[in-house]
Structure formats: C-alpha cells, structure tokens
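Let me begin by presenting the structure, written as structure tokens, before commenting on it.
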Amino acid sequence: MFIILLPVFFLLLIYLSVHFNGSPFFFQRRPGKGGKVFSIIKFKTMNNRTDSNGFLMSDDQRLTPVGKLVRKTSLDEIPQLINVLKGDMSLVGPRPLLEEYLPLYDQVQARRHLVRPGVTGWAQINGRNAISWNQKFAYDVWYVDHISFGLDMKILFQTLWNVLRGKGVSQQGHVTVGKFTGNRGY
C-alpha cells in the first residue's frame, strides 16, 4: 500500500514542506497494544500559532485551508504506513488516541489496547469523528472481540468508500473531535 501511495506521499511531502516552512510531519506520542507508547507520524494540517500567553490556539484557529483538504481526504494518514511497517500499528484496529486518555478508560474501554491500533477501524467506518466517545469505544471493543481477516477486508474497503465521500471527518461543533474526559462526559 505504501508503494502505491508513494507518489502521493512525495507530492504532499514537498507541498507541505513549503506550506509549513520545512516541517511537513506531525509527531505525537500515542498508546498502542498493551498501552505501550509510540510516536505516531502524520502529515501536518495545523500551524503552531499561539496566543499572547504562549499557549497553542484552538484547533479551528490553527487548521489551515490546505490542512482542511488534507484531512477531508485523509491524506494526513499516509505517513502512518511507516508506523505499520515498524510494527507500532496495523492497517486495521482501534485508532490510537491520546496518551492522556489512558487513565480515563474504564475496564471495558481499556480492552481496545489488547490489539495493535490501526490506521482505520470499525469505529471509523461507522462514523469516524462524527460519533460519540461511548459509541466509538463500543465499536473498538466489538472489533477486538470479532477480529478476523474478513472483517479487516470489509473495513479497508468501507474506509476507501468513506474517504471518497468525505464521511465523518469531524464531530459536530469541532473541526476534529472533542476531548475525551472519561466517565464525566465530554
């Protein structure tokens, strides 16, 4: 898959390098299988603008027009194929979330870490960022309980279809997805 997407990867690499002043990648620590933390690689879609106190501005203020297009088409996910090659991720599995969420999971939600995280997953084809956190976790755990080659193939094909339609890219009221705050809601 990476070889097929290599021309797109290099075009985006060059374009985003110019757009983001030589820094086309976004790296972030994310928990994987067993909660082991790794560095996820994505194409950058936001600038690093800060407010007068030096804090990063909100996502909607930092997401660039180019970034919106890259996200809508899910092209920002291509570098994660490097994470797949390294063994940190799988093509299919629960999406790796923020490290800060680890202590917020209940016992059922934490089961998402029994398998390697994926570039796409059951929750992504069933709503992506447009569904609630509770529904997302329910889909992730369902996937862990029903993992199979056939299910993975279904998820990969449905992912391609959803990407082509631009379905579920953001949560209502957010340019990405709202923060998970555990059982207190979000």
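The values are calculated or read from the model by the stated rules, or taken from the named source; none is laboratory data. From a predicted model like this one, the values you see are computed outputs, not experimental measurements. Cβ placement follows ideal geometry from the backbone for every residue including glycine, while neighbour counts extend to all protein chains displayed.
Per this entry, F43 is not counted among residues that are over 30 Å from K154 (Cβ atoms) and crowded, with 19+ Cβ neighbours inside 10 Å.
Report yes if T64 is in contact with a Lys or Arg (Cβ under 7 Å, 6 or more places away or on another chain) and either within 24 Å of L164 (Cβ to Cβ) or at pLDDT 90 or above (or both), otherwise no. Here the answer is no, as T64 does not meet what is asked. Number of residues in the range 40-61 that are free of Cβ contacts under 8 Å to residues at least 40 places away in the same chain and touching a Ser or Thr at 6+ places or on another chain (Cβ under 9 Å): the value is 7. Could you say which residue among L164, L160, L151 is surrounded by fewer than 21 Cβ atoms within 10 Å (Cβ to Cβ) and at pLDDT 95 or above? Answer to the check: L151. When F9, F26 are checked against the criterion of being assigned to a helix (DSSP H, G or I) and not charged (D, E, K, R), F9 stands alone in meeting it. Inspect the range 15-22 for any residue being buried (at least 19 other Cβ atoms within 10 Å of the Cβ), out of contact with any strand residue (DSSP E or B) (no Cβ under 6 Å at 6 or more places or on another chain) and polar (S, T, N, Q) and give the result as yes or no. The answer is no, given that none of the residues of the range 15-22 is buried (at least 19 other Cβ atoms within 10 Å of the Cβ), out of contact with any strand residue (DSSP E or B) (no Cβ under 6 Å at 6 or more places or on another chain) and polar (S, T, N, Q).
Among the residues of the range 87-118, those that are closer than 14 Å to Y143 by Cα and outside any loop (DSSP other than H, G, I, E, B) comprise S90, L91, V92, Q109, A110, R111, R112, H113, L114, G118.
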